[in-house]
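Worksheet: the structure to be examined is printed underneath.
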Amino acid sequence: MKQYLLSIYQPDGDPPPPEILEPIMRDVNALREELKAAGAWVFAGGLHAPSTATVVRLKDDDVLTTDGPYVEGKEHIGGFTVIKAPDLDAALEWGRKLARAITLPIEVRPLHEDGEHC
């Protein structure tokens with residue numbers, strides 16, 4: 001089975017208050033259990049705020065580091081889930097379920113398999 005990255009796009013700013021966030025996290029945890037039961041779960045992670053990012057970039061022969069996100073925007077990747085799915089349609093169905101649970105946009109992208117060029 002192929003692996004897919006489900007990226008969660010989160011608006012900049014403070015998280016929602018507990019009365020809104022707690023039911024969302026319950027739904028996300030239930031979906032995680034569903035993914036595990038279906039054998040589709042690989043792993044997931046949440047990311048710290050974009051302000052904690054450091055960009056490492058090659059310029060000429062030097063490698064430069066810059067504090068802050070690579071791109072400024074109104075939203076950022078707040079977390080991700082890597083799943084296994086037989087095809088894009090199945091991965092998109094998991095992406096739809098995650099979007100319903102977390103109430104944020106989800107980008108679904110296939111990962112290169114061993115031997116494929118990046």
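The values are calculated or read from the model by the stated rules, or taken from the named source; none is laboratory data. The model shown is predicted, which means the values in this text are computed figures rather than measured ones. Please note: Cβ atoms are built from the backbone with ideal geometry, for glycine as well, and neighbour counts cover all protein chains shown.
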I need the full set of residues from the stretch 48-87 which are out of contact with any strand residue (DSSP E or B) (no Cβ under 7 Å at 6 or more places or on another chain) and of a type outside the set (D, E, K, R), in order please.
His48, Ala49, Ser51, Thr52, Ala53, Leu58, Gly68, Val71, Gly73, Pro86
Any hit, the stretch 26-45, residues being within 18 Å of the chain's Cα centre (by Cα), at pLDDT below 95 and either among the hydrophobic types (A, V, I, L, M, F, W, C) or surrounded by 14 or more Cβ atoms within 10 Å (Cβ to Cβ) (or both)
no
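Go through the residues of the stretch 68-75 one by one and say whether even a single one is within 14 Å of the chain's Cα centre (by Cα) and of a type in the set (Val, Ile, Thr).
Looking only at the stretch 68-75, we keep the residues that are within 14 Å of the chain's Cα centre (by Cα), and these are 75.
Checking the rest, the ones that are also of a type in the set (Val, Ile, Thr) come to none.
No, the stretch 68-75 contains no residue that is within 14 Å of the chain's Cα centre (by Cα) and of a type in the set (Val, Ile, Thr).
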Subset tally (residues that are within 18 Å of Gly46 (Cβ to Cβ) and exposed (fewer than 14 other Cβ atoms within 10 Å of the Cβ)) for the stretch 84-102:
0
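In the stretch 41-69, how many residues are closer than 17 Å to Ile8 by Cβ and of a type outside the set (Val, Ile, Thr)?
If we filter the stretch 41-69 for residues that are closer than 17 Å to Ile8 by Cβ, which is where we start, we get 41-50, 52-53, 69.
With the extra rule that they be of a type outside the set (Val, Ile, Thr), the set shrinks to 41, 43-50, 53, 69.
Residues flagged as closer than 17 Å to Ile8 by Cβ and of a type outside the set (Val, Ile, Thr) within the stretch 41-69 amount to 11.
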Flag for Ala44 being among the aliphatic types (A, V, I, L, M), touching a Ser or Thr at 6+ places or on another chain (Cβ under 6 Å) and under 25 Å from Pro110 (Cβ atoms):
yes
So the strands (runs of 3 or more DSSP E) completely within the stretch 1-88 holding 3 or more residues that are free of Cβ contacts under 8 Å to residues at least 24 places away in the same chain are 54-59, 62-67
Just checking, does the stretch 106-117 include any residue being on the phi > 0 side of the Ramachandran plot and exposed (fewer than 14 other Cβ atoms within 10 Å of the Cβ)?
yes
